[in-house]
Amino acid sequence: RPLVLNRAIGSSDNSQHVTGHAADFVVHGLTPYEVCEILEKSLLPFDQCINEFNKWVHVSISDNPRKEMLTAYRKDGKVKYKQGLYRLEDLQ
């Protein structure tokens, strides 16, 4: 996405979205958690897969894919990231 949009939504200038190496998406008929479960078990060489607030999935790619799974949630008004795939109710 363009840098100006990235800044407008409060994302980092270093975001992989700006270089076209990341995408946020939803899959009709599946929850973001379910999509992340499928990706975690897949052979796809992604760098990061993030269940973002159980509203969408963020997936990024890189030359050295880590297959890192993260869960984004809000606590005390701040965005937090927990290593691994968790249901949001387990992080409150």
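The values are calculated or read from the model by the stated rules, or taken from the named source; none is laboratory data. Small disclaimer: the values here were computed from a predicted structure and weren't measured. Reconstructed Cβ throughout: ideal geometry from the backbone, glycine too, with neighbour counts over all protein chains shown. Just so you know, the surface numbers come from the protein's heavy atoms only, side chains and all, with ligands and any DNA or RNA stripped out. Shrake-Rupley method; radii C 1.70, N 1.55, O 1.52, S 1.80 Å.
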Length gained if HIS21 through GLU89 is fully extended, taking 0.36 nm per residue and subtracting the Cα-Cα distance, is 21.5 nm
Run the accessible area of segment 1-65 with a 1.4 Å probe and give the carbon-and-sulfur part as a rounded percent.
59
Could you compute Rg(Cα) / (2.2 N^0.38 Å) for the chain, with N its residue count?
1.08
Rounded to the nearest 0.05, what FRET efficiency is calculated for LEU5 and ASP76 with R0 set to 22 Å and r the Cβ-Cβ distance?
0.20
Only helices counted: for the chain, with every DSSP H run of 4 or more residues adding -39500 (n - 2.57) and the sum spread over all residues, [θ] at 222 nm is -4500 deg cm²/dmol
How much accessible area per residue does the chain have, counting only protein heavy atoms and a probe of 1.4 Å, in square angstrom?
66
